[in-house]
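The values are calculated or read from the model by the stated rules, or taken from the named source; none is laboratory data. Treat the numbers as computed from the prediction; the structure is a model and nothing was measured. In this analysis, Cβ positions are derived from the backbone assuming ideal geometry, glycine residues included, and neighbour counts consider all displayed protein chains.
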Amino acid sequence: MLDAGLPVRAFFTTRAGGSSAAPYDSLNVATHVGDSPEAVALNRATVSALAGAPVSFLHAEHGIRVAEVTVPGEDPPVADVLVTRTPGVAIGAIAADCVPVLLHDAATGAVAAVHAGREGVRMGAVDAAVAALLDLRTPAQRRDRRGMAASIGPAICGRCYEVPEEMRDQVASRHPTARSVTRAGTPALDLPRAIETRLGELGVADVLRHRACTLEDPTLFSHRRDGVTGRHVGVIVCGVSVR
């Protein structure tokens, strides 16, 4: 487990500590990858125990849809951004190469969990998350964006995420810092760097970035490296202070 470094309980899981057999070994929390449902249920219970509350895991569609979770453990609709302002509610962003992002707003206590893949970054998933948190503020609070903090979880890095040049240019046209090259000099995308830049542009000054690369680090799940594999999760709990 990796501490997200936020003022509330928040963390990113690794592969370790679960019940799934290879190739999902061992803490796979995804229900859509072919793993045993019984193992996934045990793994999700393990993550919920770490969170201290039942976790609502998002169902990603690689877009910018936002859903608000109001009841602990409820199964949310399909969305790449979950938000909650209800104390005791835990939300989780599943990923394995895509970027899990967790946000906390000190102005309201609200939190967000974001699944930011290539299309989500290009379309504005991070923008949608910040906008959703701002919507939960009063009009007076919206005039000043200070108080937001974010943690960017492990994801495939800009040296490893090789893509066609046209695809790179499409994303970089909106997020120039996403432009990258692999060690071999081929076109690539650096989504974590683009997200870090965009958060700053949106007024989120307190940003922690975990720099572990999912493809390079065998302790993390990577779909690009392994094909059939599990998913880790970034979890944040509303109203449970750790600072």
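Structure summary
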read-out: Every pair of residues 6+ apart whose Cβ atoms lie under 7 Å, when the first sits in the range 165-183 and is free of Cβ contacts under 8 Å to residues at least 40 places away in the same chain while the second is surrounded by 15 or more Cβ atoms within 10 Å (Cβ to Cβ) and part of a helix (DSSP H, G or I); value: 172/178; 177/193; 177/194; 177/197; 179/168; 179/172
read-out: Some residue of the range 108-128 being closer than 20 Å to residue 208 by Cβ, surrounded by fewer than 18 Cβ atoms within 10 Å (Cβ to Cβ) and small (Gly, Ala, Ser); value: yes
read-out: Listing of strands (runs of 3 or more DSSP E) fully contained in the range 174-243 that carry 2 or more residues being closer than 17 Å to residue 102 by Cβ and in contact with a Pro (Cβ under 7 Å, 6 or more places away or on another chain); value: 232-241
read-out: Matching residues, the range 131-165, being surrounded by fewer than 17 Cβ atoms within 10 Å (Cβ to Cβ), of a type in the set (D, E, K, R) and within 29 Å of residue 230 (Cα to Cα); value: 159, 165
read-out: Within the range 97-107, considering residues that are more than 13 Å from the chain's Cα centre (by Cα) and among the aliphatic types (A, V, I, L, M), the one surrounded by the fewest Cβ atoms within 10 Å (Cβ to Cβ); value: 106
read-out: All positions within the range 31-64 that are within 14 Å of the chain's Cα centre (by Cα), surrounded by fewer than 24 Cβ atoms within 10 Å (Cβ to Cβ) and in a loop (DSSP other than H, G, I, E, B); value: 61, 62, 63, 64
read-out: Residue 78 being touching a Ser or Thr at 6+ places or on another chain (Cβ under 9 Å), at pLDDT 95 or above, hydrophobic (A, V, I, L, M, F, W, C) and surrounded by fewer than 22 Cβ atoms within 10 Å (Cβ to Cβ); value: no
read-out: Members of the range 66-102 that are assigned to a loop (DSSP other than H, G, I, E, B) and β-branched (Val, Ile, Thr); value: 69, 70, 71, 86, 89
read-out: Residue under evaluation residue 127, criteria (1) of a type outside the set (Gly, Ala, Ser); (2) part of a loop (DSSP other than H, G, I, E, B); (3) at pLDDT 95 or above, criterion not met; value: (2)
read-out: Only one of 191, 136, 202 that is in contact (Cβ under 8 Å) with a residue 24 or more places away in the chain, touching a Phe, Trp or Tyr at 6+ places or on another chain (Cβ under 9 Å) and more than 23 Å from residue 47 (Cβ to Cβ); value: 191
